[in-house]
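Structure, as structure tokens:
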């Protein structure tokens, strides 16, 4: 079970890293294409068709983008260090004490719907910040 959870977490981390890398590199790629569009007209002075030149240059830029994405993704994953957040025993004990308190909203309104903004009598906090934290 632990291996399954770790596998899911690693896939999630890989996905987030890859999407962030795509986002950053795609923005710079769009800027490069905009710069290329502005200067490609000068190629006509050299008796070259600007459309064909733009296609060639844009394709080269796209190949560079794909290579950079692969390199960035692998570099980040190779240098990534995952640190797990370990809850203290005190925090776990405190949460269990609150939920065992007879004034807790979970016990008072057992079969009823509890609003996230209802005050918990056990702690005085709103339900969303007390027993109903996600």
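The values are calculated or read from the model by the stated rules, or taken from the named source; none is laboratory data. What you are looking at is a predicted structure, and each value in this text was computed from that prediction instead of being measured. Reconstructed Cβ throughout: ideal geometry from the backbone, glycine too, with neighbour counts over all protein chains shown.
Summary table below
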{"read-out": "Residue list for segment 5-48, restricted to those being surrounded by 11 or more Cβ atoms within 10 Å (Cβ to Cβ) and outside any helix (DSSP H, G or I)", "value": "48"}
{"read-out": "Subset of segment 34-56 [touching a helix residue (DSSP H, G or I) at 6+ places or on another chain (Cβ under 6 Å) and under 30 Å from residue 76 (Cα atoms)]", "value": "36"}
{"read-out": "Criterion: part of a loop (DSSP other than H, G, I, E, B), more than 29 Å from the chain's Cα centre (by Cα) and at pLDDT 65 or above - qualifying residue of 85, 103, 81, 110", "value": "110"}
{"read-out": "Cβ-Cβ under 9 Å pairs, at least 6 apart or on other chains, segment 1-19 side on the phi < 0 side of the Ramachandran plot, far side modelled with pLDDT of 90 or more and not in a helix (DSSP H, G or I)", "value": "none"}
{"read-out": "Criterion violated by residue 56 - all others in (1) closer than 28 Å to residue 14 by Cα; (2) at pLDDT 90 or above satisfied", "value": "(1)"}
{"read-out": "Selection from segment 59-75 of residues that are closer than 27 Å to residue 40 by Cβ and touching a helix residue (DSSP H, G or I) at 6+ places or on another chain (Cβ under 7 Å)", "value": "61, 65, 68, 69"}
